[in-house]
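Readers should treat all values here as calculations from the given coordinates under stated rules, not as data from a laboratory. Just so it is clear, the structure is predicted and the values come from calculations on it, not from any experiment. Virtual Cβ from ideal backbone geometry, glycine too; neighbours counted across all protein chains shown.
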Amino acid sequence: MVEYGDRYCAFVDILGFRELVSYLGNSISKVESLRNTLATIHQQPLQAGPSLFLNTDFRTQSISDALVVSVAANEGALSELLFSLQTLTMRLLVDGYFIRGAVVKGRLYHDDKMAFGEALIKAYQYESTVVRYPRIMVLSDVVADTQKLKHLPNVFAANLKQADDGPMFLHVLRKMQADMNALPLGPDNDDTNALGEYARIKTIIEERYREAMDNPRHFEKVQWFAKYWNASLPANATSYRVLGVGL
């Protein structure tokens, strides 16, 4: 029987993919890096490990540099979807790539070969025309669902933030924030071994920031994420702050 009903659906893609391809030239290392990045997006399944919840019905579909992820319309499934998107975002940040996307709720058909329906169209339209910056927008009806849940309301609240321009978005730096707060940072006790991945991401953001200066449309996107990064850092994590950006 064909199942076409409400599901939570995310559409995400690599920001500036066309520009990334144009920068490849004859560099084998750049081609290899991009190939590995696309392999991460196409990885099946996206889940980091065994599901922590029952009846999530977690499904993925890759399309070039983009990914469609959908789950059943229940709170455990939504939690797993958001966690998986956070994990994917951080994996790609380590490789120097930003992603942009939208999470919606609506009718969708999704099996191991195809996905179609109003939810996918809605998610794609928001990602391509509204989201603008490297963030994963969570639409207001999905946010409203999280506020009505009985078991995980605090978990969802910690994973969502409201942007200055209005939309709610997935707080993909929440784990980084928690890791930083768990260690006594400072000029004399900065634990670079434990937080080396975040030091690498900070360096990558600075590189992308400099590279985008001659392209105002791309620059505003990198600048947005750099400010979000700095605002998510504890006050004493000064060595991880992206320089020249502010809050």
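For the reader, a short list of remarks on this structure follows.
- Contour minus Cα-Cα distance for Glu220 and Ile63 (0.36 nm per residue): 53.9 nm
- For segment 62-72, 3J(HN,Hα) computed residue by residue from phi via the Karplus equation (6.51, -1.76, 1.60; θ = phi - 60°) reads 9, 9, 6, 8, 10, 9, 10, 10, 9, 9, 4 Hz, glycine and proline entered as x.
- Above-threshold pairs, the threshold being 29 Å between Cα atoms, out of Lys113/Lys175; Lys122/Lys161; Lys148/Lys221; Lys113/Lys221; Lys148/Lys175: Lys113/Lys175; Lys148/Lys221; Lys113/Lys221
- For the peptides 112-120, 160-168, the ranking by packing is 112-120, 160-168, with the highest mean count of neighbouring Cβ atoms within 10 Å listed first.
- Each residue, Asp164 and Arg241, gets one label point 7 Å from its Cα in the Cβ direction; the gap between the two is 1.6 nm.
- Whole-Hz couplings from phi, Karplus 6.51/-1.76/1.60, listed for segment 136-145; x for Gly and Pro: 10, 6, 10, 5, 4, 6, 6, 4, 4, 4
- Sequence-distant residues sharing a close amide H with Ala73 (under 5 Å, placed H): Tyr8
- Each listed q (0.15, 0.19, 0.27, 0.32 Å⁻¹) maps to a log10 I(q)/I(0) for segment 196-237, found by the Debye formula over equal Cα scatterers with no solvent: -0.37, -0.57, -0.93, -1.10.
- The Glu197 and Asn36 beta-carbon pair, evaluated with R₀ = 22 Å, returns a calculated FRET efficiency of approximately 0.85.
- Integer Hz, Karplus 6.51/-1.76/1.60 couplings in order for segment 165-172, x for Gly and Pro: 8, x, x, 7, 9, 6, 7, 6
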